[in-house]
1. Could you run through segment 109-124 and say how many residues are surrounded by 24 or more Cβ atoms within 10 Å (Cβ to Cβ) and of a type outside the set (Ser, Thr, Tyr)?
2. Could you tell me which residue of segment 23-60 is modelled with the highest pLDDT, considering only residues that are acidic (Asp, Glu) and surrounded by 13 or more Cβ atoms within 10 Å (Cβ to Cβ)?
3. What number goes with the only condition from (1) buried (at least 24 other Cβ atoms within 10 Å of the Cβ); (2) part of a loop (DSSP other than H, G, I, E, B); (3) at pLDDT 95 or above that residue 206 does not pass?
4. Helices (runs of 4 or more DSSP H) wholly in segment 321-438 with at least 3 residues that are in contact with a His (Cβ under 9 Å, 6 or more places away or on another chain) - which ones?
5. If I ask for residues that are aromatic (Phe, Trp, Tyr) and either part of a loop (DSSP other than H, G, I, E, B) or in the same structural domain as residue 361 (by TED's automatic domain parsing) (or both), which ones from segment 148-194 would you list?
6. Evaluate segment 81-97: report whether one residue or more is part of a helix (DSSP H, G or I), closer than 23 Å to residue 316 by Cα, under 20 Å from the mean Cα position of the chain (by Cα) and modelled with pLDDT of 95 or more.
7. From the list 338, 317, which residue is closer than 14 Å to residue 458 by Cα, crowded, with 18+ Cβ neighbours inside 10 Å and of a type in the set (A, V, I, L, M, F, W, C)?
8. Within segment 268-292, which residues are closer than 20 Å to residue 230 by Cβ, in a loop (DSSP other than H, G, I, E, B) and hydrophobic (A, V, I, L, M, F, W, C)?
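The values are calculated or read from the model by the stated rules, or taken from the named source; none is laboratory data. This one's a predicted model, so the numbers in the text were calculated from it and none came from an experiment. Neighbour counts run over all protein chains shown; Cβ positions are idealised from the backbone, glycine included.
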Amino acid sequence: MDNEQEYSPGVLKYIEEAKKFLDKKKEHLARVKKLKFDTIAVHGLYTVEEALNQNQGAVIEPLYLSSSQAYRDSDELEAALSYLIPTWCYTRIANPTTYYLEWVLALLEGYQTGSDTSCLVTASGMSAIMSAVDPFLVKQKEGEEKINFVSSIQLYGGTFQHFSIRKMQERGIEVRWVEHQEDIEEWKTKIDENTRFLYSEAPSNPQQSFCDIKALADLAHSWEIPFIIDSTCATPALMRPIAYGADIVIHSLTKSITSGGLAIGGALVSRKPIVTNIKNDDPLFKESFAEYVKFLPYRDTGPAASPPNALFALNDLRTLRSKIDLVSQNSQKVAEFLSQHPRVYQVDYLGLENYPLHILAKKYMKLVDSDDGKGNEVNRYGHLLSFRVDGPPENARKVFDNLKIIFRATDLGRIKSVATIPAISTHLQQGEDAREKADVPPQLIRLCVGGENPDDITADLDQALNSL
(Lines give C-alpha, C1' and ligand atoms only; values in the text may rest on other atoms or scores of the structure.)
Protein backbone atom coordinates (compact mmCIF):
# COMPACT_ATOMS: atom_id res chain seq x y z
CA MET A 1 0.00 0.00 0.00
CA ASP A 2 3.04 2.27 0.08
CA ASN A 3 2.78 2.72 -3.69
CA GLU A 4 -0.96 3.37 -4.00
CA GLN A 5 -0.34 6.20 -6.50
CA GLU A 6 0.80 3.59 -9.02
CA TYR A 7 -2.61 1.94 -9.12
CA SER A 8 -5.72 2.84 -11.08
CA PRO A 9 -8.64 4.71 -9.46
CA GLY A 10 -10.60 1.44 -9.41
CA VAL A 11 -7.90 -0.37 -7.46
CA LEU A 12 -7.58 2.58 -5.07
CA LYS A 13 -11.32 2.42 -4.47
CA TYR A 14 -11.02 -1.20 -3.31
CA ILE A 15 -8.06 -0.32 -1.13
CA GLU A 16 -10.12 2.39 0.56
CA GLU A 17 -12.98 -0.06 1.16
CA ALA A 18 -10.49 -2.55 2.62
CA LYS A 19 -9.12 0.05 5.04
CA LYS A 20 -12.61 0.64 6.43
CA PHE A 21 -13.17 -3.11 6.77
CA LEU A 22 -9.82 -3.63 8.51
CA ASP A 23 -10.40 -0.71 10.89
CA LYS A 24 -13.73 -2.26 11.90
CA LYS A 25 -12.11 -5.65 12.33
CA LYS A 26 -9.34 -4.11 14.45
CA GLU A 27 -11.94 -2.57 16.77
CA HIS A 28 -13.69 -5.92 17.13
CA LEU A 29 -10.37 -7.68 17.76
CA ALA A 30 -9.63 -5.28 20.60
CA ARG A 31 -13.00 -6.14 22.17
CA VAL A 32 -12.46 -9.88 21.77
CA LYS A 33 -9.06 -9.70 23.47
CA LYS A 34 -10.84 -8.55 26.64
CA LEU A 35 -12.97 -11.70 26.77
CA LYS A 36 -12.20 -14.83 28.75
CA PHE A 37 -10.49 -17.87 27.22
CA ASP A 38 -13.67 -19.97 26.97
CA THR A 39 -15.59 -17.16 25.28
CA ILE A 40 -12.83 -16.66 22.72
CA ALA A 41 -12.73 -20.41 22.06
CA VAL A 42 -16.49 -20.49 21.44
CA HIS A 43 -16.81 -17.32 19.30
CA GLY A 44 -13.40 -16.46 17.85
CA LEU A 45 -13.84 -13.43 15.60
CA TYR A 46 -17.16 -14.59 14.15
CA THR A 47 -19.87 -12.06 15.02
CA VAL A 48 -23.65 -11.85 15.06
CA GLU A 49 -23.38 -9.03 12.53
CA GLU A 50 -21.34 -11.18 10.16
CA ALA A 51 -23.79 -14.05 10.55
CA LEU A 52 -26.77 -11.85 9.69
CA ASN A 53 -25.22 -9.74 6.93
CA GLN A 54 -23.02 -12.28 5.16
CA ASN A 55 -24.03 -15.81 6.13
CA GLN A 56 -27.83 -15.91 6.16
CA GLY A 57 -27.93 -15.91 9.95
CA ALA A 58 -25.77 -19.02 10.43
CA VAL A 59 -24.87 -19.29 14.12
CA ILE A 60 -21.93 -21.61 13.37
CA GLU A 61 -19.18 -20.47 11.02
CA PRO A 62 -19.96 -21.66 7.46
CA LEU A 63 -17.99 -24.29 5.62
CA TYR A 64 -16.64 -22.82 2.36
CA LEU A 65 -15.97 -25.71 0.00
CA SER A 66 -15.35 -23.60 -3.10
CA SER A 67 -11.80 -23.92 -4.36
CA SER A 68 -11.59 -20.29 -5.48
CA GLN A 69 -12.97 -16.80 -4.97
CA ALA A 70 -14.66 -14.70 -7.66
CA TYR A 71 -14.03 -10.96 -8.04
CA ARG A 72 -16.27 -8.13 -9.16
CA ASP A 73 -13.91 -6.76 -11.79
CA SER A 74 -10.26 -6.55 -12.90
CA ASP A 75 -9.50 -3.81 -10.35
CA GLU A 76 -10.58 -5.96 -7.41
CA LEU A 77 -8.67 -8.93 -8.86
CA GLU A 78 -5.49 -6.85 -9.13
CA ALA A 79 -5.87 -5.45 -5.62
CA ALA A 80 -6.47 -8.90 -4.17
CA LEU A 81 -3.63 -10.69 -5.96
CA SER A 82 -1.26 -7.87 -5.02
CA TYR A 83 -2.17 -8.47 -1.35
CA LEU A 84 -3.51 -4.91 -1.11
CA ILE A 85 -6.93 -5.97 0.21
CA PRO A 86 -8.14 -8.92 2.33
CA THR A 87 -8.76 -11.92 0.11
CA TRP A 88 -8.63 -15.69 0.08
CA CYS A 89 -8.36 -16.13 -3.68
CA TYR A 90 -7.70 -19.88 -3.83
CA THR A 91 -7.98 -22.55 -1.14
CA ARG A 92 -4.34 -23.59 -1.57
CA ILE A 93 -3.49 -20.10 -0.30
CA ALA A 94 -6.35 -19.41 2.10
CA ASN A 95 -10.03 -20.11 2.74
CA PRO A 96 -12.69 -18.33 4.81
CA THR A 97 -13.29 -21.39 7.01
CA THR A 98 -9.56 -21.78 7.60
CA TYR A 99 -9.33 -18.10 8.48
CA TYR A 100 -11.88 -18.57 11.28
CA LEU A 101 -9.68 -21.29 12.77
CA GLU A 102 -6.48 -19.26 12.39
CA TRP A 103 -7.97 -16.25 14.14
CA VAL A 104 -9.17 -18.20 17.15
CA LEU A 105 -5.90 -20.13 17.52
CA ALA A 106 -3.89 -16.91 17.36
CA LEU A 107 -6.09 -15.39 20.05
CA LEU A 108 -5.91 -18.44 22.33
CA GLU A 109 -2.11 -18.77 22.09
CA GLY A 110 -1.77 -15.05 22.67
CA TYR A 111 -4.28 -14.99 25.54
CA GLN A 112 -2.93 -12.93 28.46
CA THR A 113 0.63 -13.14 27.12
CA GLY A 114 1.02 -9.43 26.42
CA SER A 115 1.95 -10.21 22.82
CA ASP A 116 0.11 -9.98 19.54
CA THR A 117 0.10 -13.19 17.54
CA SER A 118 -0.59 -14.52 14.05
CA CYS A 119 -1.44 -18.03 12.94
CA LEU A 120 -1.10 -20.29 9.92
CA VAL A 121 -3.14 -23.50 9.71
CA THR A 122 -1.68 -26.34 7.64
CA ALA A 123 -2.70 -29.77 6.41
CA SER A 124 -0.95 -31.61 9.26
CA GLY A 125 1.31 -31.13 12.24
CA MET A 126 4.31 -32.22 10.18
CA SER A 127 3.61 -29.59 7.51
CA ALA A 128 3.39 -27.00 10.29
CA ILE A 129 6.85 -28.03 11.48
CA MET A 130 8.24 -27.86 7.94
CA SER A 131 6.65 -24.44 7.42
CA ALA A 132 8.10 -23.17 10.69
CA VAL A 133 11.70 -24.26 10.27
CA ASP A 134 12.43 -24.07 6.53
CA PRO A 135 12.48 -20.25 6.22
CA PHE A 136 15.41 -20.14 8.66
CA LEU A 137 17.44 -22.85 6.90
CA VAL A 138 18.63 -20.76 3.98
CA LYS A 139 22.18 -19.68 3.27
CA GLN A 140 22.73 -15.98 3.76
CA LYS A 141 25.89 -15.68 1.68
CA GLU A 142 28.12 -17.65 -0.66
CA GLY A 143 30.65 -19.87 1.04
CA GLU A 144 28.77 -19.82 4.32
CA GLU A 145 29.82 -22.53 6.72
CA LYS A 146 27.50 -25.42 7.41
CA ILE A 147 24.37 -24.13 9.10
CA ASN A 148 22.79 -25.95 12.04
CA PHE A 149 19.94 -25.91 14.51
CA VAL A 150 19.70 -27.32 18.02
CA SER A 151 16.85 -29.59 19.05
CA SER A 152 15.86 -31.80 21.93
CA ILE A 153 16.12 -35.47 20.93
CA GLN A 154 12.89 -36.18 22.82
CA LEU A 155 10.53 -35.68 19.90
CA TYR A 156 7.63 -37.33 18.16
CA GLY A 157 9.12 -39.95 15.82
CA GLY A 158 7.97 -38.14 12.67
CA THR A 159 9.70 -34.95 13.79
CA PHE A 160 12.91 -36.85 14.50
CA GLN A 161 12.77 -38.37 11.01
CA HIS A 162 12.11 -35.00 9.41
CA PHE A 163 15.09 -33.45 11.15
CA SER A 164 17.53 -36.35 10.84
CA ILE A 165 16.65 -37.52 7.31
CA ARG A 166 15.02 -34.65 5.40
CA LYS A 167 17.18 -31.92 6.91
CA MET A 168 20.48 -33.51 7.91
CA GLN A 169 20.88 -36.45 5.53
CA GLU A 170 19.24 -35.00 2.41
CA ARG A 171 20.06 -31.30 2.74
CA GLY A 172 23.25 -31.38 4.77
CA ILE A 173 21.87 -29.21 7.58
CA GLU A 174 23.38 -30.25 10.89
CA VAL A 175 21.01 -31.11 13.73
CA ARG A 176 22.65 -30.87 17.13
CA TRP A 177 20.74 -33.07 19.56
CA VAL A 178 20.20 -32.23 23.21
CA GLU A 179 19.65 -35.38 25.27
CA HIS A 180 18.54 -33.69 28.51
CA GLN A 181 16.43 -30.75 27.45
CA GLU A 182 15.81 -29.61 31.01
CA ASP A 183 19.56 -28.86 31.30
CA ILE A 184 20.14 -25.35 29.96
CA GLU A 185 23.91 -25.86 30.12
CA GLU A 186 23.72 -28.68 27.57
CA TRP A 187 21.88 -26.35 25.17
CA LYS A 188 24.58 -23.72 25.60
CA THR A 189 27.30 -26.13 24.45
CA LYS A 190 25.52 -26.77 21.14
CA ILE A 191 25.04 -23.20 19.87
CA ASP A 192 27.38 -21.21 17.65
CA GLU A 193 27.19 -18.34 15.14
CA ASN A 194 25.75 -20.70 12.48
CA THR A 195 22.84 -21.88 14.64
CA ARG A 196 19.50 -20.79 13.18
CA PHE A 197 17.03 -21.67 15.95
CA LEU A 198 16.39 -23.77 19.07
CA TYR A 199 13.63 -26.39 18.93
CA SER A 200 11.82 -28.23 21.71
CA GLU A 201 8.78 -30.42 22.20
CA ALA A 202 7.26 -30.11 25.67
CA PRO A 203 5.72 -32.15 27.11
CA SER A 204 7.42 -34.61 24.77
CA ASN A 205 5.73 -37.59 23.18
CA PRO A 206 6.00 -40.23 24.61
CA GLN A 207 8.53 -39.90 27.42
CA GLN A 208 7.26 -36.70 29.10
CA SER A 209 10.45 -34.71 28.77
CA PHE A 210 10.20 -31.00 29.55
CA CYS A 211 12.27 -27.83 29.28
CA ASP A 212 12.65 -24.50 31.02
CA ILE A 213 10.80 -22.44 28.42
CA LYS A 214 11.79 -18.99 29.62
CA ALA A 215 15.45 -19.94 30.03
CA LEU A 216 15.55 -21.43 26.52
CA ALA A 217 13.84 -18.41 24.99
CA ASP A 218 16.28 -16.08 26.75
CA LEU A 219 19.21 -18.19 25.57
CA ALA A 220 17.98 -18.17 21.98
CA HIS A 221 17.44 -14.43 22.04
CA SER A 222 20.92 -13.82 23.39
CA TRP A 223 22.11 -15.28 20.05
CA GLU A 224 19.44 -13.35 18.11
CA ILE A 225 17.71 -16.55 17.03
CA PRO A 226 14.14 -17.78 17.61
CA PHE A 227 12.94 -20.42 20.03
CA ILE A 228 10.40 -22.80 18.45
CA ILE A 229 8.35 -25.17 20.59
CA ASP A 230 5.88 -27.94 19.79
CA SER A 231 3.18 -27.57 22.44
CA THR A 232 0.72 -30.10 21.01
CA CYS A 233 0.21 -32.08 24.22
CA ALA A 234 -0.28 -29.01 26.42
CA THR A 235 -2.54 -26.92 24.16
CA PRO A 236 -3.10 -23.24 25.03
CA ALA A 237 -5.50 -24.42 27.74
CA LEU A 238 -2.52 -25.50 29.86
CA MET A 239 0.45 -23.56 28.54
CA ARG A 240 1.04 -20.58 26.28
CA PRO A 241 4.81 -20.54 25.63
CA ILE A 242 4.69 -17.09 24.03
CA ALA A 243 4.10 -15.68 27.52
CA TYR A 244 7.59 -16.87 28.43
CA GLY A 245 9.35 -15.62 25.32
CA ALA A 246 8.85 -18.40 22.75
CA ASP A 247 8.75 -17.04 19.21
CA ILE A 248 6.87 -19.80 17.39
CA VAL A 249 4.46 -22.42 18.76
CA ILE A 250 3.60 -25.56 16.80
CA HIS A 251 0.51 -27.75 17.14
CA SER A 252 -0.63 -30.94 15.53
CA LEU A 253 -4.31 -30.03 15.48
CA THR A 254 -4.99 -33.70 14.78
CA LYS A 255 -4.17 -34.44 18.40
CA SER A 256 -5.29 -32.68 21.58
CA ILE A 257 -7.15 -29.75 20.03
CA THR A 258 -9.26 -31.88 17.69
CA SER A 259 -10.16 -34.51 20.28
CA GLY A 260 -13.08 -35.88 18.27
CA GLY A 261 -10.64 -37.62 15.92
CA LEU A 262 -12.29 -36.53 12.66
CA ALA A 263 -9.66 -34.17 11.29
CA ILE A 264 -5.99 -33.80 10.43
CA GLY A 265 -4.31 -30.43 10.66
CA GLY A 266 -1.43 -28.38 11.98
CA ALA A 267 -0.88 -24.86 13.23
CA LEU A 268 2.01 -22.43 13.42
CA VAL A 269 1.46 -19.50 15.80
CA SER A 270 4.04 -16.73 15.99
CA ARG A 271 4.52 -13.75 18.25
CA LYS A 272 4.73 -10.30 16.72
CA PRO A 273 7.64 -9.78 16.16
CA ILE A 274 9.91 -12.81 16.37
CA VAL A 275 13.61 -12.64 17.15
CA THR A 276 15.83 -13.64 14.21
CA ASN A 277 19.09 -12.61 12.62
CA ILE A 278 18.07 -13.93 9.19
CA LYS A 279 18.06 -11.18 6.58
CA ASN A 280 14.82 -11.14 4.61
CA ASP A 281 13.51 -8.27 2.49
CA ASP A 282 9.88 -8.89 3.40
CA PRO A 283 9.00 -6.99 6.61
CA LEU A 284 6.44 -9.64 7.53
CA PHE A 285 9.24 -12.19 7.99
CA LYS A 286 10.10 -10.69 11.35
CA GLU A 287 6.99 -8.67 12.18
CA SER A 288 4.36 -11.39 11.57
CA PHE A 289 6.13 -14.63 10.71
CA ALA A 290 3.00 -16.80 10.38
CA GLU A 291 1.51 -14.37 7.87
CA TYR A 292 4.80 -14.23 5.96
CA VAL A 293 4.79 -18.02 5.63
CA LYS A 294 1.13 -18.03 4.60
CA PHE A 295 1.44 -15.43 1.86
CA LEU A 296 4.78 -16.58 0.42
CA PRO A 297 6.46 -19.98 1.13
CA TYR A 298 3.19 -21.76 1.99
CA ARG A 299 1.53 -20.31 -1.11
CA ASP A 300 4.28 -21.89 -3.20
CA THR A 301 4.68 -25.25 -1.44
CA GLY A 302 0.95 -25.80 -0.92
CA PRO A 303 0.48 -27.71 2.38
CA ALA A 304 -3.07 -26.34 2.55
CA ALA A 305 -5.55 -27.38 5.21
CA SER A 306 -8.83 -28.90 4.09
CA PRO A 307 -11.78 -26.60 4.91
CA PRO A 308 -13.83 -29.50 6.40
CA ASN A 309 -10.87 -30.40 8.62
CA ALA A 310 -10.59 -26.76 9.67
CA LEU A 311 -14.26 -26.73 10.64
CA PHE A 312 -13.95 -29.98 12.61
CA ALA A 313 -11.00 -28.51 14.50
CA LEU A 314 -12.81 -25.22 15.07
CA ASN A 315 -15.83 -26.99 16.48
CA ASP A 316 -13.76 -29.26 18.74
CA LEU A 317 -11.73 -26.48 20.32
CA ARG A 318 -14.78 -24.56 21.53
CA THR A 319 -14.72 -26.65 24.71
CA LEU A 320 -10.94 -27.05 24.82
CA ARG A 321 -10.42 -25.82 28.35
CA SER A 322 -13.05 -28.04 29.97
CA LYS A 323 -11.99 -31.12 27.98
CA ILE A 324 -8.32 -30.68 28.82
CA ASP A 325 -9.25 -30.23 32.46
CA LEU A 326 -11.27 -33.47 32.38
CA VAL A 327 -8.68 -35.63 30.61
CA SER A 328 -5.88 -34.19 32.76
CA GLN A 329 -7.70 -35.18 35.94
CA ASN A 330 -8.41 -38.62 34.50
CA SER A 331 -4.76 -39.03 33.53
CA GLN A 332 -3.63 -38.08 37.01
CA LYS A 333 -5.78 -40.84 38.51
CA VAL A 334 -4.58 -43.40 35.98
CA ALA A 335 -0.92 -42.43 36.48
CA GLU A 336 -1.25 -42.76 40.25
CA PHE A 337 -2.85 -46.19 39.83
CA LEU A 338 -0.08 -47.39 37.50
CA SER A 339 2.65 -46.05 39.77
CA GLN A 340 1.46 -48.51 42.45
CA HIS A 341 1.04 -51.52 40.18
CA PRO A 342 3.52 -54.38 40.77
CA ARG A 343 3.82 -55.12 37.04
CA VAL A 344 4.95 -51.57 36.20
CA TYR A 345 8.50 -50.44 36.94
CA GLN A 346 8.20 -46.80 35.85
CA VAL A 347 5.47 -44.28 35.08
CA ASP A 348 6.30 -41.15 33.11
CA TYR A 349 3.79 -38.43 33.94
CA LEU A 350 4.57 -34.85 34.81
CA GLY A 351 1.74 -34.75 37.35
CA LEU A 352 3.36 -37.30 39.67
CA GLU A 353 5.15 -35.50 42.48
CA ASN A 354 8.06 -37.95 42.43
CA TYR A 355 8.60 -37.55 38.69
CA PRO A 356 11.99 -35.83 38.16
CA LEU A 357 10.57 -33.03 35.99
CA HIS A 358 7.43 -32.41 38.05
CA ILE A 359 8.68 -29.18 39.66
CA LEU A 360 9.77 -27.75 36.30
CA ALA A 361 6.45 -28.63 34.64
CA LYS A 362 4.51 -27.23 37.60
CA LYS A 363 6.03 -23.83 36.85
CA TYR A 364 4.47 -23.75 33.38
CA MET A 365 1.49 -26.11 33.11
CA LYS A 366 -1.59 -24.44 34.58
CA LEU A 367 -5.23 -24.61 33.60
CA VAL A 368 -6.06 -21.24 32.11
CA ASP A 369 -8.61 -19.11 34.00
CA SER A 370 -8.75 -21.57 36.90
CA ASP A 371 -8.61 -20.65 40.59
CA ASP A 372 -7.50 -22.75 43.55
CA GLY A 373 -9.45 -20.54 45.92
CA LYS A 374 -6.39 -18.45 46.71
CA GLY A 375 -6.17 -16.62 43.41
CA ASN A 376 -3.72 -19.07 41.81
CA GLU A 377 -4.27 -21.10 38.67
CA VAL A 378 -4.59 -24.85 39.17
CA ASN A 379 -1.88 -27.13 37.83
CA ARG A 380 -2.89 -29.70 35.24
CA TYR A 381 -0.52 -31.95 33.32
CA GLY A 382 -2.36 -33.11 30.23
CA HIS A 383 -3.66 -36.36 28.81
CA LEU A 384 -0.47 -38.17 27.80
CA LEU A 385 1.53 -40.56 29.95
CA SER A 386 3.74 -43.60 29.50
CA PHE A 387 4.33 -46.66 31.63
CA ARG A 388 7.01 -49.31 31.42
CA VAL A 389 6.06 -52.94 31.91
CA ASP A 390 8.31 -55.06 34.08
CA GLY A 391 10.24 -57.81 32.34
CA PRO A 392 11.22 -58.33 28.70
CA PRO A 393 9.62 -56.45 25.75
CA GLU A 394 7.31 -59.41 25.15
CA ASN A 395 5.54 -58.54 28.39
CA ALA A 396 4.66 -55.07 27.13
CA ARG A 397 3.25 -56.57 23.93
CA LYS A 398 1.15 -59.07 25.90
CA VAL A 399 -0.29 -56.30 28.10
CA PHE A 400 -0.95 -54.17 25.03
CA ASP A 401 -2.69 -57.03 23.20
CA ASN A 402 -4.96 -57.72 26.18
CA LEU A 403 -6.48 -54.23 26.40
CA LYS A 404 -10.27 -54.40 26.04
CA ILE A 405 -11.54 -50.80 26.27
CA ILE A 406 -8.43 -48.85 25.35
CA PHE A 407 -7.90 -48.66 21.59
CA ARG A 408 -4.60 -49.83 20.10
CA ALA A 409 -3.70 -46.96 17.77
CA THR A 410 -0.85 -44.55 17.03
CA ASP A 411 -3.09 -41.52 17.54
CA LEU A 412 -3.28 -39.42 20.68
CA GLY A 413 -5.40 -36.63 22.12
CA ARG A 414 -8.66 -38.45 21.50
CA ILE A 415 -11.75 -38.30 23.67
CA LYS A 416 -11.39 -42.11 23.62
CA SER A 417 -8.36 -43.59 25.37
CA VAL A 418 -5.71 -44.95 22.99
CA ALA A 419 -2.39 -46.69 23.52
CA THR A 420 0.60 -47.68 21.43
CA ILE A 421 4.09 -49.14 21.82
CA PRO A 422 6.27 -46.36 20.34
CA ALA A 423 9.30 -48.58 19.74
CA ILE A 424 7.32 -50.58 17.16
CA SER A 425 5.14 -47.76 15.84
CA THR A 426 5.63 -44.00 16.11
CA HIS A 427 9.38 -44.27 16.83
CA LEU A 428 10.17 -47.44 14.86
CA GLN A 429 12.09 -45.71 12.06
CA GLN A 430 14.13 -43.73 14.57
CA GLY A 431 16.40 -46.74 15.13
CA GLU A 432 17.50 -48.44 18.32
CA ASP A 433 20.41 -46.12 19.07
CA ALA A 434 18.32 -42.96 18.73
CA ARG A 435 15.47 -44.51 20.72
CA GLU A 436 17.90 -45.30 23.51
CA LYS A 437 19.15 -41.71 23.57
CA ALA A 438 15.56 -40.43 23.54
CA ASP A 439 14.61 -42.89 26.31
CA VAL A 440 12.04 -44.89 24.36
CA PRO A 441 12.59 -48.54 25.41
CA PRO A 442 10.55 -51.43 23.96
CA GLN A 443 8.90 -51.97 27.35
CA LEU A 444 7.27 -48.53 27.18
CA ILE A 445 3.55 -48.23 26.44
CA ARG A 446 2.26 -44.77 25.61
CA LEU A 447 -1.23 -44.10 26.92
CA CYS A 448 -3.43 -41.17 26.06
CA VAL A 449 -6.28 -41.04 28.54
CA GLY A 450 -9.66 -39.90 27.24
CA GLY A 451 -12.95 -38.79 28.71
CA GLU A 452 -14.13 -42.16 30.02
CA ASN A 453 -14.63 -42.77 33.73
CA PRO A 454 -11.06 -43.35 34.94
CA ASP A 455 -12.17 -46.32 37.04
CA ASP A 456 -13.03 -48.18 33.85
CA ILE A 457 -9.64 -47.35 32.34
CA THR A 458 -7.72 -48.49 35.42
CA ALA A 459 -9.76 -51.71 35.50
CA ASP A 460 -8.85 -52.38 31.86
CA LEU A 461 -5.18 -51.72 32.57
CA ASP A 462 -5.29 -53.90 35.67
CA GLN A 463 -6.70 -56.92 33.88
CA ALA A 464 -4.21 -56.49 31.02
CA LEU A 465 -1.27 -56.22 33.40
CA ASN A 466 -2.47 -59.18 35.41
CA SER A 467 -2.43 -61.31 32.26
CA LEU A 468 1.33 -61.62 32.74
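1. 5
2. Here is the first cut: in segment 23-60, the residues acidic (Asp, Glu) are 23, 27, 38, 49-50.
Cutting the leftovers down to surrounded by 13 or more Cβ atoms within 10 Å (Cβ to Cβ) gives us 38, 50.
On the way: 38: 98, 50: 93.
Residue satisfying both the conditions and the ranking: 38.
3. Of the numbered conditions (1) buried (at least 24 other Cβ atoms within 10 Å of the Cβ); (2) part of a loop (DSSP other than H, G, I, E, B); (3) at pLDDT 95 or above, the odd one out for residue 206 is (3).
4. Numbers: elements: 358-364, 393-401, 432-438.
So the answer is 432-438.
5. Keep residues of segment 148-194 that are aromatic (Phe, Trp, Tyr), which gives 149, 156, 160, 163, 177, 187.
Result: 156, single match.
6. If we filter segment 81-97 for residues that are part of a helix (DSSP H, G or I), which is where we start, we get 81, 96-97.
From what is left, the residues that are closer than 23 Å to residue 316 by Cα are 96-97.
Add one more test, that the residue is under 20 Å from the mean Cα position of the chain (by Cα), and what stays is 97.
Pick out the ones that are also modelled with pLDDT of 95 or more and you get 97.
For segment 81-97, residues part of a helix (DSSP H, G or I), closer than 23 Å to residue 316 by Cα, under 20 Å from the mean Cα position of the chain (by Cα) and modelled with pLDDT of 95 or more: present.
7. Details: 317 fails: closer than 14 Å to residue 458 by Cα.
Step by step, each of 338, 317 is checked, and only 338 is closer than 14 Å to residue 458 by Cα, crowded, with 18+ Cβ neighbours inside 10 Å and of a type in the set (A, V, I, L, M, F, W, C).
8. 274, 275
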